[in-house]
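Below is one structure, written out as structure tokens; comments come after it.
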Amino acid sequence: MKNLRRNLLGAIGLLALSASMGGSWAQPATPEAQATSAQPAPRSAVERPPNLKLVNGQWFNGTEFVAATMYTEGGVFRDKEPASVDRTIDLGGQFVVPPFGDAHLHWLAGPGTPAYLSEVVAASLRYGQFYALDLGGIPEFSPRLDPLVNKPDSVDFASAQQRWTAQGGHAPVLYTTLAKRGGIGMHADHLENAAYFLVQSVADIERDWPLFMASKPAIVKLDFVSSEEYDKRADDPAYYGMRGINPKLAAEIVRRAHAAGLRTTAHIQNGPDFHNALAAGVDAIAHMTVGEFTFATDPKTGQPMRKFATNQNRLYAIAEEDVRFAGERRIPVTTTLARLGNLRATNPADVALVEKEVVLPNLQLMRKYNVPVLIGTDDVPVLDGPNKGRALFDEALYVTSLGVYSPPEVLRMLTETTPQYIFPGRKIGMLRDGYEASFLVYAGNPLDYLKGAAPGFLAPGALTMRFKQGHAINVAAEKAP
């Protein structure tokens, strides 16, 4: 293990991830981190974006679509016409929105091959998803992704790199299982320190911190899993895979992260985890709770299915005082709720009860106390079949269907709140003077799409134009199934 640690440290020390996420909604970053986070994606020194005049468009202002003429100059929006216009584009009454962001995905926890990562980036651009935050990946895969991202014609990407957990925790068991099935491009025996750190003491944190910082993380992720029972579960084999970091150690990791100008986020399982993560000082919550379930076998099909323990729903309701605290501190919470919504067809009664007793009360409290809500999928991208490209839109559609937030509010989460969280200090996510001229043009009204109206975000021809920092983004045609 010492040799593996030494080899990893040497290899990761060569990485140069260009994405950085200094600053915080809840915790000021160092001036150095703020300066880094405020920089736009690198732009070619020889390729100046054209100055554009955009006429006959319906522009999303955060509440509704309004008719307007907009201009771009040097890759940013302008209200007034610049001294020279290189091109006039007639939008023909189509609908313009900022590009989408996903605050919780796992690009670097999949196969990790160059071909896979290249197709992930291409698919993300194809569907207008320009801002991506990886919350738990493998830094050794980064050199394969780095040349593909964070440039004017591609996705802007940032990663948490390895996550922090404990022996027998949720992440080690999940990643090991996936690796053995071929879902992760790394041997299961090599995952420790490469995908996660297992810490039981402050000395363990001290030991692993240099290796972690060498991977150049954009944010720090800690796993809280039924943390109110940490002592009970820590050494009990019955809870293998159902535990996380010692909450008493979490504050030390948060302290080190803040000293390094990094924000922190918490994987949570239940309401007490939400509380303990806030008590540790984290800056964001990476999940909303969706109740307790186990995997069983469907007697009719023989396929795996999720069995809900709805009698435990009270554990997954978040305390009002904790939500109030999050709202006061502007601590954002990421949805990751479609994992529940996707089970409506197979577990309708259980899902309806979890929605009633857990999801809806939690969301209503988030709204009451103005907690920033981010859209995130917890997705390892699917590159073929009927689910290709669906995850982010499924998430937004499910959140909209719950009725707590209106379609304009959910669209604002997708296009403004989430991108601005991923890259704080960047002037992105709004179609107004001085902001980066990044936008999508839809043939139909995206607010109707969020209501479930046809044709929807993924329909052929729905997304007609893509621009990033004033550059037109041309994507290859969708491959036939």
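The values are calculated or read from the model by the stated rules, or taken from the named source; none is laboratory data. A quick note: this is a predicted structure, and the numbers were derived from the prediction, not measured. Neighbour counts run over all protein chains shown; Cβ positions are idealised from the backbone, glycine included. To get the accessible areas, we keep the full protein, side chains included, count just its heavy atoms, and leave off ligands, DNA and RNA. Shrake-Rupley method; radii C 1.70, N 1.55, O 1.52, S 1.80 Å.
Tabulated results
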quantity	calculated
Of all residues making up the range 130-162, the number that are in contact with a helix residue (DSSP H, G or I) (Cβ under 6 Å, 6 or more places away or on another chain) and open to solvent by 10 Å² or more (accessible area, probe 1.4 Å)	2
Matching residues, the range 386-444, being in a loop (DSSP other than H, G, I, E, B) and of a type in the set (Lys, Arg)	Lys388, Arg390, Arg426, Lys427, Arg432
Residues of the range 160-183 that turn out to be touching a Pro at 6+ places or on another chain (Cβ under 7 Å) and over 19 Å from Phe224 (Cα atoms), as a count	0
Pair list, Cβ under 7 Å, 6 or more apart: the range 354-366 residue within 16 Å of Phe325 (Cα to Cα), other residue acidic (Asp, Glu) and part of a helix (DSSP H, G or I)	Leu365/Glu320
Complete set of residues in the range 337-353 that are assigned to a loop (DSSP other than H, G, I, E, B) and open to solvent by less than 10 Å² (accessible area, probe 1.4 Å)	Leu337
Identity of the residue in the range 354-379, open to solvent by 50 Å² or more (accessible area, probe 1.4 Å) and within 21 Å of Arg344 (Cα to Cα), that ends up nearest to the chain's Cα centre (by Cα)	Asp378
Near pairs, Cβ below 7 angstrom, 6+ apart or cross-chain, from the range 189-206 (closer than 15 Å to Leu108 by Cβ) to any residue that is open to solvent by 70 Å² or more (accessible area, probe 1.4 Å) and part of a helix (DSSP H, G or I)	Ala194/Glu140
Qualifying residue in the range 207-225 (condition: farther than 22 Å from Ala284 by Cα, assigned to a helix (DSSP H, G or I) and touching a Lys or Arg at 6+ places or on another chain (Cβ under 8 Å))	yes
Checklist (1) at negative phi; (2) at pLDDT below 95 applied to Ala132, failing item	(2)
Scan of the range 387-418 for residues that are under 25 Å from Glu119 (Cβ atoms), touching a residue at least 40 places away in the same chain (Cβ under 8 Å) and open to solvent by 40 Å² or more (accessible area, probe 1.4 Å), ordered by number	Arg390, Leu397
